[in-house]
Amino acid sequence: MLKLVNIVLLFLLVWFTHSLAGEYSGPNRDAEGNIVPTPKGEACIAPVAEMRREHMNMLLHKRDQTMREGIRTKKASLTECINCHVTPDASGNVARIDNKQHFCASCHVAASVSIDCFSCHADRPASMFSQQVSE
């Protein structure tokens, strides 16, 4: 009886997970496997395979340098990643982090990984902010 209950629970878990992900099949990719929209830069700071495997470690290392040691550089900074990878669509709009079209969310949703970077950091390029000066 316990075995039957476990099988039913497993089936329900698989069915429920599949129904939640129903319309989402992962990030949009081009023929070479790069996430679309295409980044603005010429090349990333590391090869694609390395970035897919190590980007979180790079961001954590950068965070530690910035927060604990006061070292601020552009390389591997979240701001520079967003400025390059979060690109406007044909209408000039950029996806926000709660949209599965956002560069970061496109993979993190597929991997069921929760990110909290954007509770403090901007989820769109600096160029998308107005240049208002207060007097």
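For residues in the range 86-126 being free of Cβ contacts under 8 Å to residues at least 24 places away in the same chain and within 9 Å of the chain's Cα centre (by Cα), which is surrounded by the fewest Cβ atoms within 10 Å (Cβ to Cβ)? Only one residue tops the list, namely 115. Only a single item in (1) in a helix (DSSP H, G or I); (2) modelled with pLDDT of 80 or more; (3) hydroxyl-bearing (Ser, Thr, Tyr) is not met by residue 17, and it is number (2). When the helices (runs of 4 or more DSSP H) confined to the range 33-135 are screened for residues that are touching a Pro at 6+ places or on another chain (Cβ under 7 Å) and at pLDDT below 85, those reaching at least 1 such residues are found at 103-110. The number of residues in the range 68-85 that are more than 22 Å from residue 40 (Cβ to Cβ) and surrounded by 10 or more Cβ atoms within 10 Å (Cβ to Cβ) comes to 1.
The values are calculated or read from the model by the stated rules, or taken from the named source; none is laboratory data. Note that the structure is predicted; figures quoted are calculated from it, not measured. In this analysis, Cβ positions are derived from the backbone assuming ideal geometry, glycine residues included, and neighbour counts consider all displayed protein chains.
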